[in-house]
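Single-structure report; data block below.
The values are calculated or read from the model by the stated rules, or taken from the named source; none is laboratory data. Just so you know, these numbers come straight off a predicted model, no measurement behind them. In this analysis, Cβ positions are derived from the backbone assuming ideal geometry, glycine residues included, and neighbour counts consider all displayed protein chains. With ligands, DNA and RNA removed, areas are computed over all heavy atoms of the protein, side chains included. Shrake-Rupley method; radii C 1.70, N 1.55, O 1.52, S 1.80 Å.
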Amino acid sequence: MESLTKTILPWLLWLWLVGVILGAFLYAPPAVGFRGSSRILFFHVPMAWVSFVAFLAAGVESLRYLYGGRAPRHDRSAAAAVELGLAFGVLATVTGALWAKVMWGAYWNWDPRQTSILVALLFYAAYLALRAALEDRETRARLSAAYAVLGLVVAPFLYFVMPRMAEFTLHPEPVINRTGKVDMDGKMVLVLMSSLAGFTALYFWLHNLQCRIAELAERRASLEGDRP
Amino acid sequence: MWPAASTWAAEATAVFVKEWRCELRTRYALSTLALFAFTTLVVVSVSLGPLGVARSQGSAVLPVLLWVILLFSVAAGLPRTFVQEEESQTATALRLSATPSALFCGKLAYGLTVIAALEALITPVYLAMMSLPVRSPGLLAVALAAAGYGLAAGSTLVAAIIAQARSKGTLFAVLAFPVLLPLLLLAVEITRDAVGGDPAGVALTQLILYDACVTTAGLMLFPAVWNP
């Protein structure tokens, strides 16, 4: 039963994502005033969302590692979350920059959200650089967990400070705007929500795979270390 | 379990005194920091040329350059406080003789005094060389004190993290800059207010909050970073 679930669920996920791609191009209408370029929304927003979820998960797993008995699985989970968060964060930045070029005429505008995600990417790239600079497994897990928790403490300041740095923003309003309403066509909302669900599931699937690969790599390294 | 307050204070003071005693023997950190800061200051002023920055842009640009000089100078000299302990193999003795929180506070106090000395040395020279009038010197002093404290707190924790890694020199900048970026932005904002004679806005409250958060995170995380 378990192996059946493991076989079927990834296929269902891929089918779902194919449905999202078709829905984004064939079902949802373009947003008023944004022409066809608005379709990037169905991929850019979920990528940024997954990146945020991954970085938050990395912070929580790091806390669990430091204060929850130092189980190696929490360290592997945090590292896998950061790797995926970085990958999705880079994709969100690139798709955002491409859209900015089409709509605003420049790839980079120092928009508060562009700047925030750039700093987040720098922070988590530094996290991976720290891991690469530490050889001992326990030291690597302990110090990188402490650094990830420090990131969790500092990150909120960026969200308060950044908007003040820019005098204006051209970035579209969030899906749920400041008045608490969804100011978007119903078909677009349906495709966007389906995409968010699909990308979130994709993140958890990839995260699970990454953790299993990391565990196998650690087992192999310890077996090779035991050899005379 | 926290030790009695008198023991804890004695340990923290002993660490602080020990740091200064070691420093006065070699004068490494002070001379490196002062020379680095002064060289960067000269490079900045020479690069701007004899005309400097236009008066209308000076109040916006020059505070940024002041804080960049201070940030890079701190990155050049402060990590040594922990790196030296690992290199001279005195870290174990230090672990035995002081509780982590007392050690963190002792090192933080040392870093704070070094940064205060650096700011006292560089800021007047910078203001004089750049012909930058400051309408609210009191606010500038508050900005230097609050941001200097934040720099010391953030740098102390990151220095403890990188001391156990390879390629320590470059790693400090990579790890510390994303953590210190909100502080840099807030310090620049308050310095601009001081130069323009405007009252301190919400940035000062946020900077004090940042200092409190980084200190709390430092006290919370330092035992995990320091003790294997």
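Against the numbered list (1) open to solvent by 30 Å² or more (accessible area, probe 1.4 Å); (2) in a helix (DSSP H, G or I); (3) touching a helix residue (DSSP H, G or I) at 6+ places or on another chain (Cβ under 6 Å), A:VAL90 comes up short only at (3).
Among the residues making up the range A:100-147, those that are aromatic (Phe, Trp, Tyr) and free of Cβ contacts under 8 Å to residues at least 12 places away in the same chain are A:TYR107, A:TRP108. One residue stands out among those in the range A:123-165 that are in contact with a Pro (Cβ under 7 Å, 6 or more places away or on another chain) and more than 7 Å from chain B (Cβ to nearest Cβ): the one that is farthest from A:ARG64 (Cα to Cα), which is A:PRO163. Taken as a whole, the structure leaves B:LEU183 outside the set of residues that are assigned to a helix (DSSP H, G or I) and over 14 Å from B:LEU66 (Cα atoms).
Please verify whether the range A:24-44 includes one or more residues that are surrounded by fewer than 18 Cβ atoms within 10 Å (Cβ to Cβ) and under 30 Å from A:THR139 (Cα atoms). Within the range A:24-44, not a single residue is surrounded by fewer than 18 Cβ atoms within 10 Å (Cβ to Cβ) and under 30 Å from A:THR139 (Cα atoms). Has the range A:60-71 got at least one residue that is under 14 Å from the mean Cα position of the chain (by Cα) and open to solvent by less than 20 Å² (accessible area, probe 1.4 Å)? No, every residue in the range A:60-71 fails to be under 14 Å from the mean Cα position of the chain (by Cα) and open to solvent by less than 20 Å² (accessible area, probe 1.4 Å). So which residues in the range B:134-169 are β-branched (Val, Ile, Thr) and at the interface with another protein chain (Cβ under 9 Å from one of its Cβ atoms)? Within the range B:134-169, B:VAL158, B:ILE161, B:ILE162 qualify.
There is no residue in the range A:92-99 that is within 14 Å of chain B (Cβ to nearest Cβ) and either within 11 Å of the chain's Cα centre (by Cα) or modelled with pLDDT of 95 or more (or both).
Residue count for the range B:28-37, restricted to those that are modelled with pLDDT under 80 and surrounded by fewer than 15 Cβ atoms within 10 Å (Cβ to Cβ): 1. Filtering the range B:189-206 for residues that are within 14 Å of the chain's Cα centre (by Cα), touching a residue at least 40 places away in the same chain (Cβ under 8 Å) and surrounded by 22 or more Cβ atoms within 10 Å (Cβ to Cβ) leaves an empty set.
The residues of the range B:38-68 that are part of a loop (DSSP other than H, G, I, E, B) and either at pLDDT 75 or above or β-branched (Val, Ile, Thr) (or both) amount to a single one, B:VAL53. Taken over the range B:193-210, residues that are within 11 Å of another protein chain (Cβ to nearest Cβ) and at pLDDT 90 or above amount to 5. Yes or no: the range B:111-124 includes at least one residue that is under 30 Å from A:LEU128 (Cα atoms), crowded, with 17+ Cβ neighbours inside 10 Å and within 14 Å of another protein chain (Cβ to nearest Cβ). No, the range B:111-124 contains no residue that is under 30 Å from A:LEU128 (Cα atoms), crowded, with 17+ Cβ neighbours inside 10 Å and within 14 Å of another protein chain (Cβ to nearest Cβ). Count of the range B:211-226 residues, restricted to those that are more than 9 Å from every other protein chain (Cβ to nearest Cβ), open to solvent by 40 Å² or more (accessible area, probe 1.4 Å) and of a type outside the set (A, V, I, L, M, F, W, C), is 1.
Do we find that B:THR156 is in contact (Cβ under 8 Å) with a residue 40 or more places away in the chain and open to solvent by 30 Å² or more (accessible area, probe 1.4 Å) in this structure? For B:THR156, the condition - in contact (Cβ under 8 Å) with a residue 40 or more places away in the chain and open to solvent by 30 Å² or more (accessible area, probe 1.4 Å) - is not met.
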